[in-house]
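Down below is the structure, laid out as structure tokens.
Rule-based calculations on the coordinates, nothing more; no lab input. All values reported here derive from a predicted model rather than from experimental measurement. Note that we place each Cβ from the backbone using ideal geometry, even for glycine, and neighbour counts take in every protein chain shown.
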Amino acid sequence: MWAFLAAATLTLTPPTTNTDGSPLTDLVSYDIYYGCEQSGVYTDFERFSAGGTTFIIENLPEPGTCYFAATAVNSDNISSAFSNEATKSFSSSTQLPGPVTDLQVSWQEHNSMALDDTGLLVRYYADEAASGSTPTDLLDTSGVGTALDLPITYGDSLAYTEVSGNRGLHSDSDAGTGIAKSGTLSSGNKIFDALDGSKTATLEYVIDITTYNTNGARIFGLMNGDTGDGTFLMTGDSSGNDFAEIRINNGADTGDVGTITGRSVIHIVWDSAQLDVDDRILLYIDAVLQTGLSVNTTIDTTLSFSTTSLVVLNRGSQNRSALGTFFYGAIYSGVLSASTISDHYDILTLDDDTPAAGGLPIATVMHHRRMMQ
């Protein structure tokens with residue numbers, strides 16, 4: 001049985017002329033054809049921009065024999081003839097050869113994929129209990145420094161739930177008293193020490209919110225005091241609109257997010273040193289960069305803690321809950337790149353609960369990625 005664990009890296013030499021000898025000036029892409037049954041039989045292909053000369057084909061069988069050929073495509077979507085065919089028989093223990101004329105194949109094994117912990121401060125899988133159970137804390141499983149577990153006040157609105165196999169903390173009211181909240185963060189706490197005065201940070205979380213509370217529900221992040229706007233926080237709008245906002249430094253920087261519907265993976269990236277004002281706060285929803293936030297953050301602004309605590313689904317003085325479910329949350333001290341956010345989206349969409357050792361099988365993640373394209 002084939003184990004889909006391999007990826008092929010292919011390089012090629014671009015054509016410079018048309019078949020009549022005239023200069024090729026409108027090359028736009030390459031189609032890489034491949035098959036793993038017999039020479040000349042290509043069962044799949046992938047299209048890549050002509051801006052590069054190195055491409056990766058994933059989800060290939062190992063052990064096995066695969067065959068590759070490439071065509072060039074111009075702006076009229078007309079393809080060239082096939083290139084030479086590159087072929088290789090290999091096993092998982094075989095060291096693969098170097099270049100095959102202009103088309104080269106090398107192999108690398110990918111057994112599993114896990115969340116990148118670079119800069120990680122806290123992580124909450126919110127899977128401590130089955131539906132209806134009431135553990136005392138939302139557990140920090142980051143393994144970084146002293147764990148920052150969040151005491152849970154269930155009040156009249158919170159309970160653990162499970163949706164399609166993913167556990168989370170659910171609020172059944174948009175004006176309830178339930179909350180998971182840390183104490184005031186101060187010197188010696190890992191979040192305070194890493195982020196107070198920092199120019200970079202990233203919030204990462206998975207939610208499914210039905211109603212945000214038009215008075216400003218607190219969703220996830222760092223909040224100033226029991227009623228403040230937030231040090232680094234996503235909230236509901238406080239002006240009578242049922243949609244989300246980003247608030248930084250007690251509302252000094254605020255951006256309307258709009259309504260986020262359904263189960264979503266959210267990333268808010270703070271990088272105030274960026275020269276372009278539009279790059280200083282970035283919002284990704286399901287790994288897609290959003291536009292139009294219009295947050296005019298001053299360059300090199302730093303996060304400023306003032307009786308700051310970490311909150312989930314409500315504000316410190318309560319009665320500003322969101323109606324919906326918090327499945328997962330994490331905070332990083334640095335900037336998560338777009339590629340890392342894309343990888344995390346794939347993983348968290350498949351399973352936002354505590355993963356098995358080593359992470360998810362790469363084949364599972366790659367299959368999900370292809371299905372979402």
- line: Between residue 87 and residue 26, Cβ-based FRET efficiency (R0 45 Å, step 0.05) works out to 0.90
Placed amide H near residue 198: partners under 5 Å, 5+ positions off or other chain: 303
field: Peptides 177-187, 34-44, 307-317 ordered by average Cβ neighbours within 10 Å, highest first
entry: 307-317, 177-187, 34-44
message: Apply the Karplus curve 6.51 cos²θ - 1.76 cosθ + 1.60, θ = phi - 60°, to the phi angles in region 278-284 and return the couplings in whole Hz, x for Gly and Pro.
response: 6, 9, 7, 10, 10, 10, 10
query: Got a sec? How would 353, 174 order by Cβ neighbour count within 10 Å, fewest to most?
result: 353, 174
message: For the ranges 19-31, 115-127, what's the packing order if you count other beta-carbon atoms within 10 Å of each residue, average per peptide, and put the highest first?
response: 115-127, 19-31
field: Amide H contacts under 5 Å for residue 35, placed H, 5+ residues apart
entry: 43, 67
- prompt: How about residue 190: which lysines have a C-alpha closer than 23 Å to its C-alpha, ignoring those fewer than 8 places off in the same chain?
  reply: 181, 199
